[in-house]
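Structure first, then comments.
The values are calculated or read from the model by the stated rules, or taken from the named source; none is laboratory data. No experiment lies behind these values; they were computed from the predicted model shown. Positions of Cβ are generated from backbone atoms using ideal geometry, with glycine treated the same way; all protein chains shown enter the neighbour counts. Note: accessible area is taken over every heavy atom of the protein model, side chains too, but ligands, DNA and RNA are not part of it. Shrake-Rupley method; radii C 1.70, N 1.55, O 1.52, S 1.80 Å.
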Amino acid sequence: MIKITITTSQGQFKRFSVSGHAEYDESGRDIVCSAVSMLVINTVNSLDAFTEAKCEIETDDDMGYINCYITNPTDESELLMKSLVLGLEGVKDSYSEYVQIYYKEV
């Protein structure tokens, strides 16, 4: 199961974390893990390339874990995060037994 937590503060995205493996198929053939990974990696890269937002990233590939803390959200980072959530919700809607999304306001 892939567990995703999206954290906001006063309506702004502050953090997202993803952990676990879908186990939809064997490693290298798991389309659910691939979809989530591509959405997350593209968002992290886009935050770095296209925004002034600063991000602190923690990863553990063996555990299937990434945590991205946005220290100074910008209008551009908000748009990218909305796009990430849209994509992740789409994956969850199609593969709900493999993906859970939690929302947290701090």
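The table that follows gives values for the structure above.
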| read-out | value |
| --- | --- |
| Check on residue 94, open to solvent by less than 60 Å² (accessible area, probe 1.4 Å) and among the polar types (S, T, N, Q) | no |
| Given (1) under 20 Å from residue 9 (Cα atoms); (2) free of Cβ contacts under 8 Å to residues at least 60 places away in the same chain, index of the condition residue 62 fails | (1) |
| All positions within segment 28-67 that are farther than 20 Å from residue 90 by Cα, open to solvent by less than 30 Å² (accessible area, probe 1.4 Å) and of a type in the set (Val, Ile, Thr) | 51 |
| Residue in segment 68-91 that is least open to solvent (accessible area, probe 1.4 Å), counting only those that are farther than 14 Å from residue 43 by Cα and free of Cβ contacts under 8 Å to residues at least 12 places away in the same chain | 90 |
